[in-house]
Each structure stands twice: as C-alpha cells, then as structure tokens.
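As structure tokens, the structure follows; a few thoughts come after it.
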Amino acid sequence: NAGVTQTPKFQVLKTGQSMTLQCAQDMNHNSMYWYRQDPGMGLRLIYYSASEGTTDKGEVPNGYNVSRLNKREFSLRLESAAPSQTSVYFCASSEGLVRTEDEKLFFGSGTQLSVL
Amino acid sequence: GEDVEQSLFLSVREGDSSVINCTYTDSSSTYLYWYKQEPGAGLQLLTYIFSNMDMKQDQRLTVLLNKKDKHLSLRIADTQTGDSAIYFCAESTPWRDDKIIFGKGTRLHILP
C-alpha cells in the first residue's frame, strides 16, 4: 500500500521555467492538498481539492495552478518559476475534508524544489 | 486570522521526558493534532485530541489541552533517539473552513 506518492523527489529549475509536480493516492480519499514547507514558516496550504472536480485556494496560491485529474491524482503546476518558490512541497490526502477526528491527513514524502 | 505558535527547538537528554508546547488563537478550534516529521519524510499523524477533552494518553505520549489558555502540549516519556524529529501542532475548526492550520514545528534534539 503506497499511500501518497509524489514525483519528482528533487527538481532544480531556472527562473521562468515551468514544471508540474505530480501526486497520486491509492487510499480512495476524496480530499487532496498541496502544502509548501519553508524554514521557520511551517506548512502553508497552497491549494486543496475537496472532491474530484473541485479545487480551492489555500493560504498562498499565487504563482501556482492545480488540476484534480481524477480521484487519485492532484497535480501542482508552476507556470513561471521564481526563486521565492524554492521550497519543499508536500501533497496530502484525507478521506474527506477534515471535519471529524477520523479524517486525518496522510502526507507524501515531499518534493524538494530549487529555483535558481 | 487563526494562528498556531510553537517554539522552534527543544533539546532533551535520552531517557528524560520531552514536553513540546503549542498555543493557538482560535477559541473555537475543535480538533488539535500533533504530527511528526522525520528527516526527509512527510508528516505523520501522532495523536489528536477533541476540544471537549483535556487529556489523552497513548503509550509514551500524553496530550494536555488547556482550553481556557488555548494551550496544547505533547509529553513524550522516556525520550529515545528515534524520537528525534520535527513535531507540528495543528488545529482545525470544521465550521470555520476546510483547512488545518499548522504551527511552524518544534525540532526535538536528543542528547546522549
């Protein structure tokens, strides 16, 4: 049981390049999330998808787009990467939106992105 | 807006108890969580507490909630080298929005 799988694990981009971070979960979860983790800043929510076909902005959505391709997959796209987007990106999923104590987040292992 | 605060570092000797503290601002916070992040890995849920509880114990872990002071703590008894990680406090309030708000994380360092 793989859980939440993110690719790639590491990526280096030049300013202005574009790329897509892929995330897939095999737990039949309805909700998926993208976070970024920066030193001293903790985790900040970029976008989330409550269910297939819906996406909503989180705390720091600027410079990013997302696609909920199907129930399993939720991708994060950087159209024109900037050095400020250097970060570790985590995908997470939960059975539903976190509305009960049973709905916990399961995280992928992260993508370390550097933008030069 | 909602905020969750933690100290950034804690050093503890192996075998001692570790106490990681957290404060939050939203008095209507309903669910409070502790997540653990080991080096190079994603976060894993350690334990959680519902706001109508004031204590929860799970093996070496004890969570204390002081709702009046909006203070949450995680106590790890008999701290081991494998407990070395970053610990994140988080809260969610379902009728506020659909988000979990994370603290910045406390890095627990174990001294030999």
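The values are calculated or read from the model by the stated rules, or taken from the named source; none is laboratory data. What you see is a predicted model, and the numbers here were worked out from it, not measured in a lab. Virtual Cβ from ideal backbone geometry, glycine too; neighbours counted across all protein chains shown.
Answer with yes or no whether A:Ala50 is within 9 Å of another protein chain (Cβ to nearest Cβ), crowded, with 16+ Cβ neighbours inside 10 Å, over 16 Å from B:Phe102 (Cα atoms) and of a type in the set (A, V, I, L, M, F, W, C).
Values: within 9 Å of another protein chain (Cβ to nearest Cβ): yes; crowded, with 16+ Cβ neighbours inside 10 Å: yes; over 16 Å from B:Phe102 (Cα atoms): yes; of a type in the set (A, V, I, L, M, F, W, C): yes.
When the stated conditions are applied, A:Ala50 passes them.
Do the conditions hold for A:Glu59, that is, is it surrounded by fewer than 19 Cβ atoms within 10 Å (Cβ to Cβ), touching a residue at least 40 places away in the same chain (Cβ under 8 Å) and acidic (Asp, Glu)?
Working: surrounded by fewer than 19 Cβ atoms within 10 Å (Cβ to Cβ): yes; touching a residue at least 40 places away in the same chain (Cβ under 8 Å): no; acidic (Asp, Glu): yes.
When the stated conditions are applied, A:Glu59 does not pass them.
For the range A:27-45, give me the residue count where each residue is touching a Gly at 6+ places or on another chain (Cβ under 7 Å) and touching a residue at least 40 places away in the same chain (Cβ under 8 Å).
3
Take the residues in the range B:10-38 that are within 11 Å of another protein chain (Cβ to nearest Cβ) and either under 18 Å from A:Arg36 (Cα atoms) or out of contact with any Cys (no Cβ under 8 Å at 6 or more places or on another chain) (or both); name whichever of them is modelled with the lowest pLDDT. I'd like the intermediate steps shown before the answer.
Taking the range B:10-38 as the starting set, the residues that turn out to be within 11 Å of another protein chain (Cβ to nearest Cβ) are B:30-33, B:35-38.
Retained after the next criterion (residues that are either under 18 Å from A:Arg36 (Cα atoms) or out of contact with any Cys (no Cβ under 8 Å at 6 or more places or on another chain) (or both)): B:30-31, B:35-38.
Working: B:Thr30: 77, B:Tyr31: 85, B:Tyr35: 93, B:Lys36: 94, B:Gln37: 92, B:Glu38: 91.
Looking at residues that are within 11 Å of another protein chain (Cβ to nearest Cβ) and either under 18 Å from A:Arg36 (Cα atoms) or out of contact with any Cys (no Cβ under 8 Å at 6 or more places or on another chain) (or both), I get B:Thr30.
Taking into account only those residues within the range B:58-112 that are under 15 Å from A:Leu43 (Cα atoms) and hydroxyl-bearing (Ser, Thr, Tyr), which is nearest to the other protein chains (Cβ to nearest Cβ)?
Step by step, filter the range B:58-112, then rank; the result is B:Ser92.
Of all residues in the range B:23-63, count the ones that are surrounded by 15 or more Cβ atoms within 10 Å (Cβ to Cβ), among the β-branched types (Val, Ile, Thr) and touching a residue at least 40 places away in the same chain (Cβ under 8 Å).
Counting residues in the range B:23-63 that are surrounded by 15 or more Cβ atoms within 10 Å (Cβ to Cβ), among the β-branched types (Val, Ile, Thr) and touching a residue at least 40 places away in the same chain (Cβ under 8 Å) gives 2.
As an exercise: evaluate A:Ser31 against (1) in contact with a helix residue (DSSP H, G or I) (Cβ under 7 Å, 6 or more places away or on another chain); (2) within 14 Å of chain B (Cβ to nearest Cβ); (3) among the polar types (S, T, N, Q) and give the number of the one condition it does not meet.
(1)
Please indicate, with yes or no, whether at least one residue in the range B:58-74 is within 18 Å of A:Tyr35 (Cβ to Cβ) and not aliphatic (A, V, I, L, M).
Looking through the range B:58-74, none of the residues is within 18 Å of A:Tyr35 (Cβ to Cβ) and not aliphatic (A, V, I, L, M).
Just one of the numbered conditions (1) touching a Phe, Trp or Tyr at 6+ places or on another chain (Cβ under 7 Å); (2) more than 14 Å from chain B (Cβ to nearest Cβ) is not true of A:Gln22; which one?
For A:Gln22, the failing item is (1).
Over 24 Å from B:Tyr87 (Cα atoms), in contact (Cβ under 8 Å) with a residue 12 or more places away in the chain, more than 11 Å from chain B (Cβ to nearest Cβ) and surrounded by fewer than 18 Cβ atoms within 10 Å (Cβ to Cβ): does that describe A:Glu95?
No, not satisfied.
Counting residues that are modelled with pLDDT of 90 or more and among the hydroxyl-bearing types (Ser, Thr, Tyr), which strands (runs of 3 or more DSSP E) fully inside the range A:41-116 reach at least 3?
Values: elements: A:42-49, A:65-68, A:74-78, A:87-94, A:111-115.
By residue number, A:42-49, A:87-94.
When the range B:42-91 is examined, which residues are found to be out of contact with any strand residue (DSSP E or B) (no Cβ under 7 Å at 6 or more places or on another chain) and assigned to a strand (DSSP E or B)?
B:Gln57, B:Asn66
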